[in-house]
1. Determine whether region 256-271 contains at least one residue that is within 30 Å of residue 143 (Cα to Cα), at pLDDT 95 or above and aliphatic (A, V, I, L, M).
2. In region 383-411, how many residues are assigned to a loop (DSSP other than H, G, I, E, B) and either touching a strand residue (DSSP E or B) at 6+ places or on another chain (Cβ under 8 Å) or polar (S, T, N, Q) (or both)?
3. Yes or no: region 339-347 includes at least one residue that is part of a strand (DSSP E or B) and charged (D, E, K, R).
4. Kindly indicate the residue of region 145-156 that is under 18 Å from residue 232 (Cα atoms) and part of a loop (DSSP other than H, G, I, E, B) and also modelled with the highest pLDDT among those meeting that condition.
5. Being of a type in the set (A, V, I, L, M, F, W, C) and within 30 Å of residue 291 (Cα to Cα), is that true of even one residue in region 134-151?
6. Under 6 Å by Cβ, and 6 or more places apart or on different chains, what pairs join a residue from region 286-302 that is within 17 Å of residue 377 (Cα to Cα) with one that is acidic (Asp, Glu)?
7. Where in region 157-272 are the strands (runs of 3 or more DSSP E), entirely inside, with at least 3 residues that are over 16 Å from the mean Cα position of the chain (by Cα) and without any contact (Cβ under 8 Å) to a residue 24 or more places away in the chain?
8. State whether the residues of region 364-382 include one that is closer than 30 Å to residue 77 by Cα and part of a loop (DSSP other than H, G, I, E, B).
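The values are calculated or read from the model by the stated rules, or taken from the named source; none is laboratory data. Keep in mind that what you see is a predicted model, and the values were worked out from it rather than measured. Here the Cβ positions follow ideal geometry from the backbone for every residue, glycine too, while neighbour counts run over all protein chains shown.
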Amino acid sequence: MAERRRGARWARRRNTLAVLALVLTIAACTPNTADTSRGPTSATSSQTSAPTSTGALAGVNVPDAFTPLTVQPISQPTFPFPGSDNKYHLAFDVQITNAAAVPATLDAVDVVDAHDPTKVLASFSGKQLVDPTCNYGDCNRLRLLSQAPSPDNSIPPQTSRALLLDFTLDTLAQFPQAVMLRLHGIGANNPGAKDPTPFDNLGNPFDISAGTPRVISPPLHGSNWVALNGCCDPGWPHRDAILSANMKLNNSQRFAIDWKRTDDQGNFYTGDQTKNESYVDYGSPVYAVADGTVTSTLDDMDANVPGILPASDPVLAPKLTVENIDGNHVILDIGDGVYAMYAHFIKGSLLVKPGDKVKKGQQIAQLGNTGNSNAPHLHFQLMNGPSLLDADGLPYVFDTFGYQGQVDPAAIWNADNYLSGSYFGPGRLETAQPRRNQLPGLLALVNFPS
């Protein structure tokens, strides 16, 4: 996928596809998933500040305390969504700043029910926060603001870190209306502190009942589609694509997927790996996921040579701009403040132009390899605005697909820049399971109906 920030990282990982880096602020989406009930909540009592008074945060009490670490959401209010693992997922990010004059260490983070802070929904500590030996998975959630993993769990005075938070619960009803973070560590215990001491602080309520996932149809048809770089494990492109833009930190790609197709033997290409035409998915029709209006397009970029990421190439990198880094693309307004973004089309394949009205299922272009991409694939995401730099990524679900299992993450991580080899293994199911109103998770293998 188009990649705004990590050319060298792909060489280090030996992965294939690079990703576009956009922005974050998860906002409310619109209709339709089942199981919309929530569990009960109860207020707590102690020495507190005034309770919040609106919406999901009404009645939340935050204990008054000096806190060496401040927490600022990078995400806007969000909501859980159902994934292809048959669990409900919640994903958001925050910026943590050591506002004191002495060093701080973040040892553990609890996500708690904002109305009942004794109820812990998820906890993160140890390698989940920092582990230099871990490449991907439930690790390295503490990041430098450049997206790289933090070297340790220290936060020097007057500096910041990003924290990637995501977890699953079995049902939607298990999620409260809002959450807070409880931070454990060592730092200043008062404004004049000279030495760090242990702290256990609670605060900054965050609305997680701001909507429900938008239900859309798939952007592709056919079998053997792999959800590369999908939500939500740290270490993969998109999840940690936090970008500094328009004077704020954003991550519009948190729920983006790079869709890539194999043949019936699990191979992404056959023949000459340096030719786009050798790849199974090259030229695949791409479809509108809902009725909508085209807001912007690009259709004049030439195809890349597979295996070469433009951002890593000294000749090609200077030619990348904010306007073309996503390659030939379409942005579609699908209503209720939601926009569908598609990237990396074949030059001249677009069948729509700005202002066109499209219907769900209408072909809009062909899958290609343009912009900052090193292999054919479709980058797809929903966002809450028409600007790639200023919009926020939104959770969504597909109305129907067949779940075929999982591709081995180690195989993808250790692949060459062409994704050579077969990727069918023990994780592939003999018979696809019919699924409705779910988002395929990271490295899910799926069938999309015609």
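1. So the first thing to find is which residues in region 256-271 are within 30 Å of residue 143 (Cα to Cα), and the list is 256-260.
Adding the requirement that they be at pLDDT 95 or above leaves 256-260.
Restricting the remaining residues to those that are aliphatic (A, V, I, L, M) gives 256-257.
Yes, the conditions are met somewhere in region 256-271.
2. Pass one, region 383-411, residues assigned to a loop (DSSP other than H, G, I, E, B): 384-392, 395, 399-400, 407-408.
Okay, now just the ones that are also either touching a strand residue (DSSP E or B) at 6+ places or on another chain (Cβ under 8 Å) or polar (S, T, N, Q) (or both), so 384-392, 395, 399-400, 407.
Selection size over region 383-411: 13.
3. Scanning region 339-347, I find no residue that is part of a strand (DSSP E or B) and charged (D, E, K, R), so the answer is no.
4. 148
5. Taking every residue of region 134-151 in turn, none turns out to be of a type in the set (A, V, I, L, M, F, W, C) and within 30 Å of residue 291 (Cα to Cα).
6. Qualifying pairs under 6 Å: none.
7. Per the criteria, 197-207.
8. no
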